[in-house]
Amino acid sequence: QVQLVESGGDLVQAGGSLRLSCAASGRISVINAFGWYRQAPGNQRELVAAIDSDGSTKYADSVKGRFTISRDSANNTMYLQMNSLKPEDTAVYYCNAEIRLHYAVVAGDYWGQGTQVTVSS
């Protein structure tokens, strides 16, 4: 019923930039919140950044000042601009969204398939 498709992951040198995108499609009525999570090998999945329907944002301390999350509500799309990338940013990045479907009473939690970001030193 809902698909979240990430794109933009790549191999980049330390200090470089990448822009991730997440496009949501399906029988969507409202997207309450979007978020980016990441998971490195051997680590738990962690929140990187999130943005609510009112545009308020929050970031992990490790990415503050380097990453910027944004959303295009008209097109159900979210972005993560990542600057000054570090090797420790290497991970699979996952898109997450809290979405209420048409004719649904409550919102559900949805995940994308992930996109690999690799930062070389």
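Taking the C-alpha atoms of the stretch 1-107, how large are the radius of gyration and the largest Cα-Cα span, Dmax, in Å?
My reading of the Cα-based Rg and Dmax gives 14.1, 46 Å.
When only DSSP loop residues count, what trypsin sites (Lys or Arg not before Pro) in the stretch 23-86 have their Cβ near at most 14 other Cβ atoms within 10 Å?
Qualifying residues, ordered by number: R27, K64.
Report, in whole Å, the centroid distance computed from the Cα atoms of the stretch 54-89 and the stretch 1-20.
If we compute the Cα centre of each part, the gap is 11 Å.
Suppose all protein chains stay in the model; what accessible area per residue would a 1.4 Å probe give for the chain, in Å²?
Value for the chain: 53 Å² per residue.
Heavy atoms only, probe 1.4 Å: what % of the accessible area of the chain goes to carbon and sulfur, would you let me know?
45 percent
Between E88 and T57, what is 0.36 nm times their sequence separation minus the Cα-Cα distance? Round to one decimal in nm.
Roughly 8.9 nm would be gained on extension.
Mark the label point 7 Å from the Cα of S121 along Cα→Cβ and return the residues of the stretch 67-92 whose backbone N is within less than 11 Å of it.
The answer is 87-88, whose backbone nitrogens lie closer than 11 Å to the label point.
Run the numbers on the chain and let me know its relative contact order in percent, using alpha-carbon pairs under 8 Å that are six or more apart.
Once normalised by length, the contact order is 36 percent.
For S70 and N32 in the same chain, what is the full-extension length gain: residue separation times 0.36 nm, less their Cα-Cα distance, in nm?
12.3 nm
The values are calculated or read from the model by the stated rules, or taken from the named source; none is laboratory data. What you see is a predicted model, and the numbers here were worked out from it, not measured in a lab. A quick note on method: Cβ atoms are made from the backbone with ideal geometry, for glycine too, and the neighbour counts reach across all protein chains shown. We work out accessible area using only protein heavy atoms, side chains counted, and drop any ligands, DNA or RNA first. Shrake-Rupley method; radii C 1.70, N 1.55, O 1.52, S 1.80 Å.
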